[in-house]
Amino acid sequence: MLNILVVEDEQAIANLIYVKLSDEGYRCACAFDGKRGADLIESETYDLILLDIMLPEIDGYELLEYIKPMGTPVIFITAKGAVDDRIKGLKLGADDYLVKPFQIGELSARVEAVLRRYGKSEKQLTIEDVFVDTESRQVTKSGKAVELTVKEFDLLVELIHNKNVALYRDRLYEKVWGEPFTGETRTLDTHIQRLRKKLDWEARIKTIFRIGYRLEV
C-alpha cells in the first residue's frame, strides 16, 4: 500500500483529501502545519507528499527544500495561483502544482500520474467488485474472471487511472492505440461498448457529449 502525506492547514480540505485517497486504497496521514509535517517526514517514509505553500510554523517552500534530498515526489496544493508562483514552485522541484479550489477527481488523477512517473503506481487496481492486476493483466468481477482483449484491458486501465475525469476521445485513442487520432471514433466507441457490457458498467462509463468518456466512481 502506497503511503501519502497531506500537509495542509485547512482541516476541511485535508480531511476531504484524506477520505478520498483512503477510499482509493492509499495509506494517508495529515499534518496541519509545517513543523508537524517535517516531524512526520523525518519519522516516516512516504511515496508522495501533498504540500500547501502557506503553512504555519514552516512554509511549503522551506519544507520542499527539506524534502528534495529524499527524492520523494511533491505536489503543491495552494491558493497561490499566479503564474510566477507556479513557476517558482516547479523550479524549486515540485512535481506538480494544483490551485485551489480544485475538483477532488482532478487531484486523484494527478496523484496517480505522479506516482506512475516515479514507478510507484499500484500494480493492483480495485473499483468496487472489479479487480485488475496490471502485471498478470487479469480482471475479475465478483471473483469471476472477465476475458478482455488487449485493447479492452488497456482502455480499462486508462479509465481507472483517470476515474471521475472526462477524457477526450483523441487522448484516449492515442494513449491506448499508440497512433494519431484521425477523427474516426467507431473503433474506440465499439471497445467502450464491449467494456460496459463485460463489466456491467453501462451506468458507470458515461458518455460526455462532444468530449468523450468518464468512468464514474
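Could you identify the single residue in Glu65, Glu44, Glu57 that is closer than 16 Å to Asp95 by Cβ and either without any contact (Cβ under 8 Å) to a residue 60 or more places away in the chain or small (Gly, Ala, Ser) (or both)?
Going through Glu65, Glu44, Glu57 in turn, just one is closer than 16 Å to Asp95 by Cβ and either without any contact (Cβ under 8 Å) to a residue 60 or more places away in the chain or small (Gly, Ala, Ser) (or both): Glu65.
Suppose we keep only residues that are touching a strand residue (DSSP E or B) at 6+ places or on another chain (Cβ under 8 Å) and outside any strand (DSSP E or B) within the stretch 202-217. Which one would you say is surrounded by the most Cβ atoms within 10 Å (Cβ to Cβ)?
Top of the filtered list is Arg204.
Taking into account only those residues within the stretch 20-50 that are part of a loop (DSSP other than H, G, I, E, B) and not hydroxyl-bearing (Ser, Thr, Tyr), which is surrounded by the fewest Cβ atoms within 10 Å (Cβ to Cβ)?
Residue satisfying both the conditions and the ranking: Glu44.
Quick one: count up the residues across the stretch 118-134 that are modelled with pLDDT of 85 or more and in contact with a helix residue (DSSP H, G or I) (Cβ under 7 Å, 6 or more places away or on another chain).
The number of residues fulfilling the criteria is 3.
How many residues does the stretch 1-25 contain that are free of Cβ contacts under 8 Å to residues at least 40 places away in the same chain and under 22 Å from Gln124 (Cβ atoms)?
Residues in the stretch 1-25 being free of Cβ contacts under 8 Å to residues at least 40 places away in the same chain and under 22 Å from Gln124 (Cβ atoms): 5 in total.
Can Lys197 be described as assigned by TED's automatic domain parsing to the domain that holds Asp129 and surrounded by 12 or more Cβ atoms within 10 Å (Cβ to Cβ)?
no
Can you go through Glu179, Glu158, Glu174 and tell me which one is surrounded by 15 or more Cβ atoms within 10 Å (Cβ to Cβ) and either out of contact with any Lys or Arg (no Cβ under 9 Å at 6 or more places or on another chain) or within 24 Å of Asp23 (Cβ to Cβ) (or both)?
Being surrounded by 15 or more Cβ atoms within 10 Å (Cβ to Cβ) and either out of contact with any Lys or Arg (no Cβ under 9 Å at 6 or more places or on another chain) or within 24 Å of Asp23 (Cβ to Cβ) (or both) holds for just one of Glu179, Glu158, Glu174, which is Glu158.
Taking the conditions exactly as written (farther than 26 Å from Gly25 by Cα and at pLDDT below 90), does Pro56 satisfy them or not?
Answer is no for this residue.
Any residue at all in the stretch 147-157 that's in the same structural domain as Ile211 (by TED's automatic domain parsing) and within 14 Å of the chain's Cα centre (by Cα)?
Taking every residue of the stretch 147-157 in turn, at least one turns out to be in the same structural domain as Ile211 (by TED's automatic domain parsing) and within 14 Å of the chain's Cα centre (by Cα).
The values are calculated or read from the model by the stated rules, or taken from the named source; none is laboratory data. This one's a predicted model, so the numbers in the text were calculated from it and none came from an experiment. Here Cβ is always computed from backbone atoms with ideal geometry, including for glycine, and neighbour counts include all displayed protein chains.
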